1. Within the stretch 31-80, how many residues are among the aliphatic types (A, V, I, L, M) and farther than 27 Å from PHE187 by Cα?
2. Residues of the stretch 25-68 being open to solvent by less than 30 Å² (accessible area, probe 1.4 Å), closer than 18 Å to THR95 by Cβ and in contact with a Phe, Trp or Tyr (Cβ under 8 Å, 6 or more places away or on another chain), which ones?
3. ARG86 is checked against (1) more than 13 Å from the chain's Cα centre (by Cα); (2) open to solvent by 80 Å² or more (accessible area, probe 1.4 Å); (3) over 13 Å from ASN42 (Cβ atoms) and fails just one. What number does that condition carry?
4. In the stretch 89-103, what count of residues is obtained for those that are surrounded by fewer than 18 Cβ atoms within 10 Å (Cβ to Cβ) and either among the acidic types (Asp, Glu) or within 20 Å of LEU32 (Cα to Cα) (or both)?
5. From the list ILE53, ILE61, which one is of a type in the set (Val, Ile, Thr) and under 23 Å from ASP99 (Cβ atoms)?
6. Under the condition of being within 30 Å of ARG60 (Cβ to Cβ) and of a type in the set (Phe, Trp, Tyr), which residue from the stretch 115-174 is surrounded by the most Cβ atoms within 10 Å (Cβ to Cβ)?
7. If you take just the strands (runs of 3 or more DSSP E) that sit entirely in the stretch 100-212, which of them hold at least 2 residues that are among the charged types (D, E, K, R) and without any contact (Cβ under 8 Å) to a residue 40 or more places away in the chain?
8. Does the stretch 194-204 contain any residue that is open to solvent by 60 Å² or more (accessible area, probe 1.4 Å), more than 16 Å from GLN154 (Cβ to Cβ) and out of contact with any strand residue (DSSP E or B) (no Cβ under 7 Å at 6 or more places or on another chain)?
Amino acid sequence: RGLVAETIDLTVKTGDSRATLHGRLASNEATLESAEIALPENAPLQLARPATIGWSPSLRIQKLDFSGGTARIAVAWSTLEARRARVEIADFPSTALRDFLPSAWPPWKLGALTLDGAWPEGPFEGSLQLEGEVEIADGRPAGIELAARTRATQISIERFLIDDPTGPVLTVRGSVPVVLTPATAPFWRFEPSGRWSLTAATTPASPFWTAQ
């Protein structure tokens, strides 16, 4: 741990977004004792409990957990011996990020995301679950679901689904020879000896394909 700790009180504001932080800063880590992130059209996100973010000798994030209303963002990340990460996001709309996203992007909402895994020997092995929706035209939403597992030699897609109010539009299952390597840039690579194995089903007559 750092030998010197200084108290920090920081407020950062841009547009209608504001972050207020209080804690202690040392040479190799910062401890957030309280924090609030106020975003447009969203209940303020409050830090649930004190959290530590370290950067020496490597990155680590301990118990960074924000929640407000039904929204939640939680991150735990360690690049020391454990080399493990978990990210959880719930009920988070794009309108909350309007000060940071291009205005031309369609509205979207992330209903739930969970990423959990480890990379003790290099490749990331874990799981990803995602549910969300994006506006495609005239206020009509398209739902997106993804369930995947990352392994030492491939990414297995257990379920990738796009649907709209008329029903399923695209379904994909299978595997791709892609390896994630969080400890080594560029953080991913194709596995030369791997195989592509994908099965897809579409609904060509769906209005989704002609939405503007």
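The values are calculated or read from the model by the stated rules, or taken from the named source; none is laboratory data. Just so you know, these numbers come straight off a predicted model, no measurement behind them. All Cβ positions, glycine included, derive from the backbone under ideal geometry; neighbour counts span all protein chains shown. For the accessible areas, the whole protein counts, side chains as well, though only heavy atoms, and no ligand, DNA or RNA atoms are used. Shrake-Rupley method; radii C 1.70, N 1.55, O 1.52, S 1.80 Å.
1. 10
2. Result: LEU45, single match.
3. ARG86 satisfies all of (1) more than 13 Å from the chain's Cα centre (by Cα); (2) open to solvent by 80 Å² or more (accessible area, probe 1.4 Å); (3) over 13 Å from ASN42 (Cβ atoms) except (1).
4. Adding up the residues that qualify gives 2.
5. ILE53
6. PHE124
7. 108-118, 125-137, 140-150, 155-164
8. Yes: one or more hits.
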